[in-house]
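Colleague: One structure, pasted below without further comment.
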Amino acid sequence: MKRLFLKSFGCQMNIYDGDLMVSAFKRRGYTRALEPDEADVLLVNTCAVREHAEDKVFSMLGELKKHKLKNPDMLLGVTGCMAERLGRDIAKRAPYVDIVAGARSFGD
């Protein structure tokens, strides 16, 4: 069975969006992983309200890179308003990220 690890940063809306993403993955047969190294898909749901939140996200992406290197088939994605605002910057700063999807792109 495939597993999803999701970490949400920011506001109540991000928590709600994260719950929607988890539900969508569950409908496709995924279960929730408690730790990144247990997952097939890693998602970081982001907030762009404060710079400190963005710094936390880039720091976490650096940590998740280790898991991606151990398991290259693992998908690593950044979602949410930070992804929407900084999409190309995320791709440049963290080229190991597979998916960058803004808040309006969750369905895709």
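The values are calculated or read from the model by the stated rules, or taken from the named source; none is laboratory data. Predicted, not measured: the structure shown is a model, and the values here were computed from it. With ideal geometry, Cβ positions are generated from the backbone for all residues, glycine too; neighbour counts draw on all protein chains shown. For the accessible areas, the whole protein counts, side chains as well, though only heavy atoms, and no ligand, DNA or RNA atoms are used. Shrake-Rupley method; radii C 1.70, N 1.55, O 1.52, S 1.80 Å.
Colleague: State the Cα centre-to-centre distance between the stretch 64-108 and the stretch 1-58 in whole Å.
Modeller: Value for the Cα centre distance between the two parts: 11 Å.
Colleague: Let me spell out the model: positive unit charges on the Cβ of Lys and Arg, negative unit charges on the Cβ of Asp and Glu, origin at the Cα centre of the stretch 12-108. What dipole size does that give, in debye rounded to 20?
Modeller: 140
Colleague: Using Cα-Cα distances under 8 Å and only pairs 6 or more residues apart, what relative contact order does the chain have, in percent?
Modeller: Relative CO of the chain lands at 25 percent.
Colleague: Would you tell me the accessible area of Ser59, worked out with a 1.4 angstrom probe on the heavy atoms of the protein chains, in Å² to the nearest 10?
Modeller: Rounded to the nearest 10, the figure is 70 Å².
Colleague: Also: Among the listed pairs Lys26/Lys70; Lys7/Lys68; Lys68/Lys92, which have their C-alpha atoms separated by more than 20 angstrom in this model?
Modeller: Lys26/Lys70
Colleague: Just want the answer: with Cβ charges of +1 for Lys and Arg and -1 for Asp and Glu, which residue in Met74, Ser59, Ile15 is farthest toward the dipole's positive end in the chain?
Modeller: Met74
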